[in-house]
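Participant: What follows is a structure written as structure tokens; I'll ask about it next.
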Amino acid sequence: MPIRKAQLLVARWARTGAVGLALTGAAMVHAQAPAPASNVSDFQVQLWASSCMSCHGPGGKAVGTGLAIGGKPAQELYNKLLGYKNGKLPATVMHQHAKGYSDEELSRIADHFASLK
Amino acid sequence: MTGLSMQRRQLLKAGAGAAAMAGAPWVGAQAPRRVVVIGGGFGGATAARYLRQFNPDLSITLIEPADTFVMCPMSNRVVHGGLQLRDISRPYDRFVSRHGLRWVRGRAEAIDPVAREVRVGKERVPYDHLIVSPGVDYVYDGIEGLQTAEQQARVPHAWKAGPQTQMLRDQLQAMPENGVVAMTIPKVPYRCPPGPYERASLIAHYLQTRKPKGKLLVFDANPEIQAKKGLFEAVWKKRYAGLIEYVPSADLKSVDAAGGTLRFDMQGEVKAQVLNVIPPQRAGEVARNAGLANAGNRWCGVDFLSYESTAVGGIHVLGDSIAAAPGMPKSGHMANQQAKVCAGAITARLRGIEVPSDPIIANTCYSFVSQTDVIHVASVHRYDAAKKTMLPVPGAGGLSAEPSVIEGIYAMAWATNILNDTLGA
């Protein structure tokens, strides 16, 4: 997001006091509720992915620019995660998170988010 | 409970056992089927939500006295004036109805781990798995002058978002132009390590823009800033020089609420127009009374694969009440993350599959240092099987390079998304 646009958004929050949280109450997302995977390996991946949802929203249906990753193509997500991990993609925080996972783990998490329609 | 209803319950249990023998659908899972959750905060509500997602037919009861959740993150912006309480509040009714939870609107007063019941007023709520996520209690023992509820009510801690947040905001606004604000920070561990320093930054920003002759005194019981130290120091020096005076290793001894005086062990007496005393903290009372606080009688030890108590079987503890693993802060984000691991472990047991043994959780924590500018700290935590604890992953995680507006945008998105993840319909 261009800095100028970001500044305008923040200025609007400052003026109105309240854009963010109250309004989104109306836009609450209902995530699809997949049953847990029946084998422990798949279930572990599902739980890893659920940890991402604190920022990326239930089911990957986040509000906020670029944060909604549920249902995006797996290869696109994986390439981004690798880019963050190896420092080729600029980020504010994702480069710090991606380094906590192996490439294989990132690939499986990407697959999981891709499966959330 | 009457003897009759106890007999009835035992009969019902016996009946359920017979059904299991006869081949009820949940036989293979040997299923305890009633999960009770104490506390509807980031830990408890997230656990209930994800348990429902994983187990459509499970009986899940939420015990929570409040009708509305007020989130602590962003509450310093309410003190500052950029947000209002309603912006950080969300009622429980839609959440519980959407997820098919039974809601017991009351305070969990006691846990009976033998009978496996939680007492709420006159009601006894039976459980097979219990999740306890009560947050922190405040410890006034060592602070003379803050012993009665009336005294405590005059000096807001505002460390649980709600009426006290508004009270601190109102006191700031009512303060004279050249007034002094004094806040005290307890020794670690306490809820939200960067929170006091964020609050200090935002109060300083308020003074700078509204009451430039005012002053903020920050008395920290710790020897130094406990989170994002370099970033906060740089901001205070660059933007708030002359507005914030930071005093480390300040041990609060007594408070005269009526006279507006704080007295410290080494630093002596300080007068201020607004007092904000953040007291030392410990696990919530219901957890301590149940014998769960086996770490120094203050925090609750847990197994980090399931968050099951190391003191009492069948009871899981989440969030600020636990004896945290190394590098794991007491934060809403962390409680939300722990809740999913816990919900996963309980689900695995219900289904008769192996409990996932390689949890990865993360913390992302934003702090406002002005109306618009934000800094973060992040970390990734993985299970160390040899040490049986969660440890930060070396090389992962980190801090902002400097405060930025972009991170202000992400901070607001974070707040919305984690609230949806925790309490969304």
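The values are calculated or read from the model by the stated rules, or taken from the named source; none is laboratory data. Keep in mind that what you see is a predicted model, and the values were worked out from it rather than measured. Using ideal geometry, Cβ is built from the backbone for each residue, glycine included, and neighbour counts are taken over all protein chains shown. Note: areas computed on protein heavy atoms with side chains; ligands, DNA, RNA excluded. Shrake-Rupley method; radii C 1.70, N 1.55, O 1.52, S 1.80 Å.
Participant: Tell me, what is the 1.4 Å probe accessible area of B:Thr68, in Å² to the nearest 10?
Facilitator: Counting only protein heavy atoms, the figure is 50 Å².
Participant: Where the only charges are on Cβ atoms (+1 Lys, Arg; -1 Asp, Glu), what is the dipole of the protein assembly as shown about its Cα centre, to the nearest 20 debye? Write out the running numbers ahead of the final one.
Facilitator: Details: 59 positive and 42 negative charges, 202 e Å.
I would put it at about 980 debye.
Participant: For a test of the definition: using alpha carbon positions, the gyration tensor, and the 1.5 limit on a/c, classify chain B as rounded, prolate or oblate.
Facilitator: Here chain B falls in the prolate category.
Participant: Answer with one residue from B:Thr68, B:Ser331, B:Phe54: the one whose Cα lies farthest towards the positive end of the charge dipole of chain B, charges on Cβ with Lys, Arg +1 and Asp, Glu -1.
Facilitator: Checked the options; the winner is B:Phe54.
Participant: For an R0 of 25 angstrom, estimate the FRET efficiency from the Cβ-Cβ distance between B:Ser254 and B:Glu233 and round to the nearest 0.05.
Facilitator: 0.30
Participant: Please list, short to long, the whole-number percent of alpha-carbon pairs of the stretch B:332-409 in consecutive 5 angstrom bins beginning at zero.
Facilitator: Spelled out bin by bin, the stretch B:332-409 gives 3, 14, 18, 18, 16, 12, 8, 6, 4, 2, 0 percent.
Participant: While we're here: Just the number, please: buried accessible area between B and A, total of both chains, 1.4 angstrom probe, nearest 100 square angstrom.
Facilitator: 4700
Participant: Right, something else. What's the average, rounded to a whole number, of partner chain beta-carbon atoms within 10 Å of each residue's beta-carbon in B:52-62?
Facilitator: Numbers: counts 1, 10, 9, 3, 2, 0, 0, 0, 0, 0, 0.
What the average comes to for B:52-62 is 2.
Participant: A further question follows. Comparing B:Ala287, B:Ala221, B:Ala47, which has the greatest mean-square fluctuation in the GNM of chain B with Cα pairs linked when under 10 Å apart?
Facilitator: B:Ala221
Participant: Could I ask something else about it? Can you pull the Kirkwood radius for the protein assembly as shown, inverse mean 1/r over Cα pairs, to one decimal in Å?
Facilitator: Here the Kirkwood hydrodynamic radius works out to 24.1 Å.
Participant: Among the chymotrypsin sites (Phe, Trp or Tyr not before Pro) within the stretch A:58-117, which fall in a DSSP loop and have no more than 14 other Cβ atoms within 10 Å of their own Cβ?
Facilitator: Listed in order of number, the matching sites amount to none.
Participant: Any lysines with Cα under 26 Å of the B:Lys228 Cα? List them, leaving off those in the same chain fewer than 8 positions away.
Facilitator: A:Lys85, A:Lys88, A:Lys99, B:Lys160, B:Lys187, B:Lys215, B:Lys237, B:Lys238, B:Lys330
Participant: Using a loss threshold of 30 Å², tell me which positions in the stretch A:87-117 are less accessible in the complex than in their chain alone. Probe radius 1.4 Å, ligands and nucleic acids ignored.
Facilitator: Output list: A:Thr92, A:Val93, A:Gln96, A:His97, A:Lys99, A:Gly100, A:Tyr101, A:Glu105.
Participant: Please calculate how many Å² of accessible area the protein assembly as shown carries per residue, with a 1.4 Å probe and no DNA, RNA or ligand atoms counted.
Facilitator: 40
Participant: Using a probe of 1.4 angstrom, how much of the accessible area of the protein assembly as shown is carbon and sulfur, in percent?
Facilitator: The value for the protein assembly as shown is 54 percent carbon and sulfur by accessible area.
Participant: Taking amide hydrogens as modeled 1.01 Å from N in the peptide plane, which residues meet the under 5 Å criterion relative to B:Val132, leaving out close sequence neighbours?
Facilitator: Here the answer is B:Ile38, B:His316, B:Val317, B:Leu318, since their amide H atoms fall under 5 Å of that of B:Val132.
Participant: Compute the distance in nm between two label points, each set 7 Å from the Cα along the Cα-to-Cβ direction, one at B:Ser97 and one at B:Glu285.
Facilitator: Rounded to a tenth, the inter-label distance reads 3.2 nm.
Participant: Of B:Val341, B:Leu207, B:Ile361, which is farthest along the charge dipole of the protein assembly as shown in the positive direction, counting Lys and Arg as +1 and Asp and Glu as -1 at C-beta?
Facilitator: Comparing the listed Cα positions along the dipole, B:Leu207 ranks first.
Participant: From the P(r) of the stretch B:278-401, could you give the percentage of C-alpha pairs in the tail past 20 Å?
Facilitator: 48
Participant: Can I ask one more? Hey, could you get me the Stokes-Einstein D for the stretch B:203-303, Kirkwood radius over alpha-carbon pairs, 10 °C and 1.306 mPa s, rounded to whole µm² s⁻¹?
Facilitator: Details: Rh = 16.2 Å.
Reported coefficient: 98 µm²/s.
Participant: Now a separate question. Return the long-range amide H neighbours of B:Val369 (sequence gap of 5 or more, or a different chain), with a cut-off of under 5 Å between placed amide H atoms.
Facilitator: Here the answer is B:Val374, B:Ile375, since their amide H atoms fall under 5 Å of that of B:Val369.
Participant: Give me the percent of DSSP beta bridges within the protein assembly as shown that run antiparallel, rounded to the nearest 5. Let's see the in-between values first.
Facilitator: Numbers: 41 of 72 bridges.
Here the share of antiparallel DSSP bridges comes out near 55 percent.
Participant: So which GluC sites (Glu not before Pro) in the stretch B:187-253 are both in a DSSP loop and have at most 15 other Cβ atoms within 10 Å of their Cβ?
Facilitator: For GluC sites (Glu not before Pro) across the stretch B:187-253 that sit outside H, G, I, E and B with at most 15 neighbouring Cβ atoms in 10 Å, the list reads B:Glu224.
Participant: Okay, moving on. From the phi angles alone, apply the Karplus equation (6.51, -1.76, 1.60; θ = phi - 60°) to the stretch B:366-371 and give each ³J(HN,Hα) in whole Hz, x where the residue is Gly or Pro.
Facilitator: 9, 10, 7, 10, 7, 4
Participant: If one puts a single equal scatterer on every Cα of the stretch B:46-88 and applies the Debye formula without solvent, what log₁₀ I(q)/I(0) results at q = 0.28, 0.30 Å⁻¹?
Facilitator: Ignoring solvent entirely, the Cα scatterers give -0.93, -0.99.
Participant: Shape of the stretch A:56-117 from its Cα gyration tensor (a ≥ b ≥ c, root eigenvalues): rounded if a/c is under 1.5, otherwise prolate when a/b > b/c, or oblate?
Facilitator: Oblate shape, in that a/c is at least 1.5 and b/c is the bigger or equal ratio.
Participant: Be a star and scan the stretch B:262-286 for residues whose amide nitrogen sits under 15 Å from the point 7 Å along the Cα-to-Cβ vector of B:Val188.
Facilitator: In the stretch B:262-286, the label zone of B:Val188 (backbone N under 15 Å from the point 7 Å along Cα→Cβ) covers B:281.
Participant: Counting only the backbone N, which residues of the stretch B:294-334 are under 19 Å from the spot 7 Å out from the Cα of B:Ala66 toward its beta-carbon?
Facilitator: So the set is B:318-322, B:330-334.
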